[in-house]
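The values are calculated or read from the model by the stated rules, or taken from the named source; none is laboratory data. Just so it is clear, the structure is predicted and the values come from calculations on it, not from any experiment. Cβ placement follows ideal geometry from the backbone for every residue including glycine, while neighbour counts extend to all protein chains displayed.
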Amino acid sequence: MRFQSEKIRSLREDRGWSRKELAVRIVATGHFSGFTHQRIAHLEKSDNASHRVICALCEVFECRPGEFFCDDEV
């Protein structure tokens, strides 16, 4: 399974949120005390994310972790 970083940007843009707004929402989950828009930019281009980041993203976007992964064995 491959992490789909582009899904973060897609979900963020679908909601009309800036990177800064998404970072604020992630901090509000309580998973992180400091999360910046620069970290969001990095995540949107990354090939992986920590379990903690995925949990926070799922909470913010109200989705399941599988939303951020795809099966390359098609």
With the structure loaded, tell me whether GLU67 is modelled with pLDDT of 95 or more and in a helix (DSSP H, G or I) or whether it fails that test. no
Would you confirm whether any residue within region 58-71 is on the phi > 0 side of the Ramachandran plot, surrounded by fewer than 16 Cβ atoms within 10 Å (Cβ to Cβ) and of a type outside the set (Gly, Ala, Ser)? yes
For ARG2, only one of the following conditions fails: (1) under 12 Å from the mean Cα position of the chain (by Cα); (2) among the basic types (Lys, Arg); (3) surrounded by fewer than 17 Cβ atoms within 10 Å (Cβ to Cβ). What is its number? (1)
If I filter region 12-25 for residues that are aliphatic (A, V, I, L, M), touching a residue at least 12 places away in the same chain (Cβ under 8 Å) and farther than 22 Å from CYS70 by Cα, do I get at least one hit? yes
Counting only residues that are more than 18 Å from PRO65 (Cα to Cα) and surrounded by fewer than 17 Cβ atoms within 10 Å (Cβ to Cβ), how many does region 33-52 have? 7
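For the subset of region 23-74 comprising residues that are among the hydrophobic types (A, V, I, L, M, F, W, C) and within 13 Å of GLN4 (Cα to Cα), which member is nearest to the chain's Cα centre (by Cα)?
It comes out as LEU57.
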